[in-house]
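J.: Dropping a structure here in structure tokens format, bear with me for questions.
The values are calculated or read from the model by the stated rules, or taken from the named source; none is laboratory data. Note that this is a predicted model, so its numbers are computed, not measured. We place every Cβ from the backbone using ideal geometry, glycine too, and count neighbours over all the protein chains shown. Ligands, DNA and RNA are stripped out before the accessible areas are found, and what is left, the full protein with its side chains, is counted by its heavy atoms. Shrake-Rupley method; radii C 1.70, N 1.55, O 1.52, S 1.80 Å.
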Amino acid sequence: MSRIGKMPISIPAGVEFKFENHTVTVKGKLGELTQDIHPDMQISVEDGVLTVNRPSESKAHRAMHGLYRSLINNMIIGVSEGYKKELELIGVGYRASNQGNIIDLSLGYSHNIVMAVPSEVKVETEMQKGKNPIVRLVSHDKQLVGMVASKIKSMRKPEPYKGKGVRFVGEIIRRKAGKSAGK
């Protein structure tokens, strides 16, 4: 039995939940999200508590049970509280700036990387003297924030010798010893 799928979801005040034609729509103060649900899954709402049920114990139904419960929970948290990811640029001369939703990264290449971020994600860059530049991504869509953060991180992945690159704030990179002195 899926432990995650069995857990009930409480719908906070100020969040509208609608389920019709196998589509879940969640609307809150931060935005609106929709998700298609497999026709076999059953969703019920009673007294502000949402539960996801499955029709059988087949492997496919067990897999979808936990998946859809997690997706709906992430949607409800997203429209009520939102999601935030922070990236840190570590390296000499690494800089970040933004103009609206266009981010300009200087990551040690011969050219700057200019990237357009989807309009649902708010971008904020912070550069202080003596500290590494930080890029903050905020949105109501957990999947979209993760994808944008992953795309930015892929521009210059952290390397294991000096630790230079783009990483999440607080992420620990396993370091390797460099060359040892020969003969």
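J.: How much accessible area per residue does the chain have, counting only protein heavy atoms and a probe of 1.4 Å, in square angstrom?
T.: Accessible area per residue: 63 Å².
J.: Rounded to whole Hz and in sequence order, give me ³J(HN,Hα) for region 162-169 from the Karplus expression 6.51 cos²θ - 1.76 cosθ + 1.60, θ = phi - 60°, writing x for Gly and Pro.
T.: Using θ = phi - 60°, the values come out as 9, x, 6, x, 9, 9, 6, 5 Hz.
J.: How large is ³J(HN,Hα) for each residue in region 30-45, as worked out from phi by the Karplus curve 6.51 cos²θ - 1.76 cosθ + 1.60 (θ = phi - 60°), to whole Hz, x for Gly and Pro?
T.: 9, x, 9, 10, 10, 8, 7, 10, 4, x, 6, 6, 10, 10, 10, 10
J.: Which residue fluctuates the most in the chain, going by a Gaussian network model with Cα springs under 10 Å, if the choices are PRO160, PRO133, PRO39?
T.: Taking springs between Cα atoms under 10 Å, the residue moving most is PRO39.
J.: For region 70-167, run through the trypsin sites (Lys or Arg not before Pro) and keep only the ones in DSSP coil with at most 11 other Cβ atoms within 10 Å of their Cβ.
T.: Hits after loop and neighbour filter: LYS129, LYS131.
J.: Starting from the 7 Å offset along Cα-to-Cβ, what nm value, one decimal, do you get for the label separation of GLU16 and ILE173?
T.: Label at GLU16, label at ILE173, 4.6 nm between them.
J.: As an exercise, use a Förster radius of 41 Å and the Cβ-Cβ distance of LYS129 and THR34 to find the FRET efficiency, rounded to the nearest 0.05.
T.: E between LYS129 and THR34, to the nearest 0.05, is 0.40.
J.: Roughly how many Å² of VAL92 are accessible to a 1.4 Å probe, to the nearest 10?
T.: Counting only protein heavy atoms, VAL92 exposes about 140 Å² to solvent.
J.: For the chain, what is the mean residue ellipticity at 222 nm derived from helices alone (per DSSP H run of n ≥ 4: -39500 (n - 2.57); sum divided by total residues; nearest 500 deg cm²/dmol)?
T.: For the chain, the value works out to -7000 deg cm²/dmol.
J.: What's the carbon and sulfur percent of region 1-82's accessible surface, probe 1.4 angstrom, rounded to a whole number?
T.: 49
J.: Okay, next question. So how strong a dipole does region 58-101 carry about its Cα centre when Lys and Arg Cβ are +1 and Asp and Glu Cβ are -1, to the nearest 20 debye?
T.: Dipole of region 58-101, to the nearest 20 debye: 280 debye.
J.: How far, in degrees from 0 to 90, does helix 59-80 lean away from the longest principal axis of the Cα atoms of the chain, to the nearest 10?
T.: That works out to roughly 70 degrees.
J.: On full extension of the chain, what length is gained from VAL114 through TYR161, given 0.36 nm per residue of separation minus the C-alpha to C-alpha distance?
T.: Full extension of this stretch gives 14.2 nm more.
J.: Once neighbouring chains are kept in place and the probe is 1.4 Å, which whole percent of the accessible area of region 109-159 is contributed by carbon and sulfur?
T.: 51
J.: Turning to a different aspect of this structure: Would you mind checking the pairs LYS29/LYS142; LYS6/LYS27; LYS84/LYS129; LYS129/LYS176; LYS84/LYS176; LYS131/LYS176 and listing those with alpha carbons more than 21 angstrom apart?
T.: LYS6/LYS27; LYS84/LYS129; LYS129/LYS176; LYS84/LYS176; LYS131/LYS176
J.: Measuring from label point to label point, each 7 Å out along Cα→Cβ, what is the LYS27 to SER44 span in nm?
T.: Between LYS27 and SER44, the label points sit 2.6 nm apart.
J.: Further, regarding this structure: Expressed as an acute angle from 0 to 90° and rounded to the nearest 10, what is the orientation of the C-alpha long axis of helix 142-154 relative to the principal long axis of the chain?
T.: With rounding to tens, the tilt is 20 degrees.
J.: Distance in nm between label sites at LYS59 and SER97, each 7 Å beyond Cα in the beta-carbon direction?
T.: Rounded to a tenth, the inter-label distance reads 5.5 nm.
J.: Using +1 on the beta carbon of Lys and Arg, -1 on that of Asp and Glu, and nothing else charged, what's the dipole of region 1-154 about the Cα centre, debye to 20?
T.: Its charge dipole is roughly 520 debye.
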